[in-house]
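These notes concern the structure reproduced below.
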Amino acid sequence: SWGEKTSEAWFNSGASPMPFEPISGAFFEHGMAAPSSVARVGTSFIWLASSAEGEGMVMQSSGFQPTRISTHAVEQAICTYAAIADAVAFTYQDDGHIFYVLNFPTAKATWVFDQTTGLWHERGTWDTTLIVFDAWRPQYHATMWTKHLVGDRKTGAIFHMSSLFYKDVNAQGIRRVRRAPHLSSEERRMFYNKLQVDMDVGEGLTTGQGSDPQVMLRVSDDGGRTWGSERWASAGKIGEYKTRVIWFRLGSARDRVFEVSVSDPIPWRLVGAYLDVLPGLY
């Protein structure tokens, strides 16, 4: 039973006229910040919590005690949202991973926890008109006929969700973005000779968009506040399995962030990246 600031566990005692009673000692100092954020994962629950000290942590029940699963970075983002009480969550399992999807419709943001790896990532629906991400359109989920069926939070339409599909709701394009952490070494200038992305290549389509899929690279030399122009590299036309996704002569910086993005409707599987860098003297 979740309250606004605290919660407790109840059980069916079979008593009359009220069969439910609180379990002695099963009381914890975390309530619920958003009623629709609770979702079941196996025998436990995950929810957006609030307490007397504040709100914005994501908790998972462990027996009769909650465990914090959100990170400082996720919590810092959530605390900037103007409204979190309307957050909506669902869980699903795909390719051996169990995901907790937490939508913030007003804040236009979506955070996803991969329980299998213990890692967080963001999702969103790319708005080609405003050139920004909106909160992810799938907001409600059910598994039927071996399919993941999701409800569109804007139109109410039902879609079949699968990692085998390469377009978003209403056949919109999907923009995938991977951003690296800050690269800095005691404020010394670093010289970047080469960046190579290790990924599946040669997966292009026979015709149309995706026949020569491109990977876009941007760099920021001020901690991610502003970005330079995109530099494109081919991920290989169909069958070009020896393609190297690589960029040379990337200049120098004291505090750099690399970002790669893709939007062609093909399978994208990014494994890692290799960076050739030399430290300066000052």
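The values are calculated or read from the model by the stated rules, or taken from the named source; none is laboratory data. Please read all numbers here as calculations on a predicted model, not as lab measurements. Cβ placement follows ideal geometry from the backbone for every residue including glycine, while neighbour counts extend to all protein chains displayed. Remember, those area values only see protein heavy atoms, side chains included, never the ligands or the DNA or RNA. Shrake-Rupley method; radii C 1.70, N 1.55, O 1.52, S 1.80 Å.
By per-residue mean of other Cβ atoms within 10 Å, what is the highest-first order of 181-190, 86-95? Present the calculation step by step, with values, prior to reporting the outcome.
Details: 181-190: 11.9, 86-95: 17.0.
Going from most to least packed, we get 86-95, 181-190.
Of 274, 166, which has the most accessible area with a 1.4 Å probe, and how do the rest follow in descending order?
274, 166
Quickly estimate the mean residue ellipticity at 222 nm for the chain, helices only: each DSSP H run with n ≥ 4 gives -39500 (n - 2.57), and the total goes over all residues, rounded to 500.
One gets -500 deg cm²/dmol as the mean residue ellipticity at 222 nm.
Provide, in order from the shortest bin, the percent of all Cα-Cα pairs of the range 82-153 in each 10 Å bin, continuing until the bin that contains the maximum pair distance.
The percentages, shortest bin first, are 19, 48, 29, 4.
Sort 68, 137 by accessible area with a 1.4 Å probe, largest first.
The ordering from most to least exposed comes out as 68, 137.
Which of rounded, prolate or oblate describes the range 70-224 when judged by the alpha-carbon gyration tensor and an a/c cut-off of 1.5?
Cα axes put the range 70-224 in the oblate bin.
Given a Förster distance of 25 Å, report the FRET efficiency between residue 53 and residue 114 from their Cβ-Cβ distance, rounded to the nearest 0.05.
Computed FRET efficiency for residue 53 and residue 114: 0.35.
Sequence gap at least 6, Cα distance under 8 Å: using those rules, report the relative contact order of the range 39-163 to the nearest whole percent.
Result for the range 39-163 is 13 percent.
For Cα pairs less than 8 Å apart in space and 6+ apart in sequence, what is the mean separation divided by the residue count of the chain, i.e. the relative contact order in percent?
12 percent
Tell me, what is the per residue accessible area of the range 65-197 in Å², probe radius 1.4 Å?
On the way: 7520 Å² over 133 residues.
In whole numbers, the range 65-197 has 57 Å² accessible per residue.
Convex hull over the alpha-carbon atoms of the range 180-257: what's its volume per residue in Å³?
With only Cα atoms used, the range 180-257 gives 93 Å³ per residue.
With a cap of 10 neighbouring Cβ atoms within 10 Å, and only residues DSSP puts in a loop, list the trypsin sites (Lys or Arg not before Pro) found in the range 222-255.
The qualifying sites are 225, 242, 249.
Restricting to Cα pairs below 8 Å that are 6+ residues apart, what does the relative contact order work out to for the range 182-268? Please round to a whole percent.
44 percent
Got a number for carbon plus sulfur as a percent of the range 9-156's accessible area, 1.4 Å probe?
58 percent
What figure, in Å² to the nearest 10, do you get for the accessible area of residue 98 with a 1.4 Å probe and non-protein molecules left out?
Solvent-accessible area, nearest 10 Å²: 60 Å².
Could you tell me which label, among [x] 1, 5, 10, 13, 13, 14, 14, 11, 8, 5, 3, 2, 1, 1, 0, 0; [y] 1, 6, 12, 16, 19, 17, 14, 10, 4, 1, 0; [z] 1, 5, 10, 12, 12, 10, 7, 6, 5, 5, 5, 5, 5, 4, 4, 2, 1, 1, 0, 0, carries the value of P(r) over Cα pairs in 5 Å bins from 0, in percent calculated for this structure?
[x]
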